[in-house]
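The values are calculated or read from the model by the stated rules, or taken from the named source; none is laboratory data. Model, not experiment: these values are computed from the prediction. All Cβ positions, glycine included, derive from the backbone under ideal geometry; neighbour counts span all protein chains shown. Protein only, heavy atoms only, side chains kept; ligands, DNA and RNA dropped before computing areas. Shrake-Rupley method; radii C 1.70, N 1.55, O 1.52, S 1.80 Å.
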Amino acid sequence: MGVSNAVRNPGSYLSRTLGLYRALLTDPERFYEEFIGTRRVKSEFALVLVAGLIGLVGNYLMLQELIFEFEAFDSIVINQQVRFQLQQRVIEPVLGAFLLWVWFGIGMYYVGWLYTTIGTTYVTMKRTAWALFPILIANVIHTAAMAYASTTLDVTEEDITLSTSLSSEVSSFVWSQASGETVVIAATAVAIVFALWTGYIGAYAIKDVRDLTMSEAYKVAAVPTAGYVLYIAYSVFTAL
């Protein structure tokens, strides 16, 4: 349904959209059979981009608060290099969303070779993008956590334990004040659930591309999913 139809029939458009995402999250087999074609990847690219931008919002809000807090201390210098490296952390969710698209798409495509050579990378990537919708939800939760933490953040002189002026270490220390907040750590840990959800949907994404049985599809999807879960667990551990 195009934009013009959405304007003319907003109720029908909303109903179809809600039905689409409900099927994606609860009945991915029906979703891929009824809603997804094989032409173009514009919607898929937009989905991944929005997922990343949602995560960016929380990081941006936190960065503003971090700079405000640390500019009050002479022992920490927030120079241009430090600002640039902190800004890189702000855009990490956008880069991360696209890297996850590649990680799950290419990962499942090549692991699927253990069973068959049927299928193309194009169709795999198109279908895999939709499997990342739970990551979008996880980013909503993480952004909410970052936004809340930014309103309660209170850095004192006693918190500053850094004894170097290297911009990379300064930026890491400054950002750790955000990533170490309890609510942020909890939001990061909860992302494991959404990573597993992505893997579940991903199994249906790769099943028909590679003409796999459901059991084989779960095994294929388990590989990139396990890798991502381990990455999240490591992030939580290092933030504690």
*Gaussian network model of the chain, springs between alpha carbon atoms under 10 Å - residue of Ala72, Ala187, Ala217 with greatest fluctuation*: Ala72
*Point-charge dipole on Cβ atoms (K/R +1, D/E -1) for region 38-239, about Cα centre, debye to 20*: 1440 debye
*Just grab the label-to-label distance for Glu169 and Thr156, each label 7 Å out from Cα along the Cβ direction, in nm (one decimal).*
2.5 nm
*Could you provide, to the nearest whole Å², the per residue accessible area of region 35-164 with probe 1.4 Å?*
53 Å²
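Helices from the chain with mean Kyte-Doolittle at least 0.0 and a Cα length along the axis of 20 Å or more, per DSSP H: which? The partial results should precede the final answer.
Details: long enough: 10-26 (24 Å, 0.22); 42-70 (41 Å, 1.29); 92-111 (27 Å, 1.35); 133-152 (29 Å, 1.14); 182-210 (42 Å, 1.38); 214-239 (37 Å, 0.88).
In the chain, the long hydrophobic H runs are 10-26, 42-70, 92-111, 133-152, 182-210, 214-239.
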*asked:* Run the reach check for Lys42 against lysines, Cα to Cα strictly under 16 Å, same-chain hits fewer than 8 apart removed. What comes back?
replied: Lys126
*Towards the positive end of the charge dipole of the chain, with charges on Cβ (+1 Lys, Arg; -1 Asp, Glu), say which of Val102, Ile137, Leu162 has the farthest Cα.*
Val102
*Using a 1.4 Å probe on the protein chains only, how many percent of the accessible area of region 38-239 belongs to carbon and sulfur?*
64 percent
*Under 19 Å Cα-Cα from Lys219, which lysines qualify once same-chain neighbours fewer than 8 residues away are excluded?*
Lys207
_Listed candidates [x] 144; [y] 166; [z] 197 - label of the one calculated as volume of the Cα convex hull per residue in Å³_ = [x]
*Could you give the length gained on full extension between Val183 and Leu49, defined as 0.36 nm per residue of separation minus the Cα-Cα distance, in nm?*
45.8 nm
*Along the Cα-to-C-beta direction of Ile106, a point sits 7 Å from the Cα; which residues of region 117-137 have their amide N less than 20 Å from that point?*
117-133
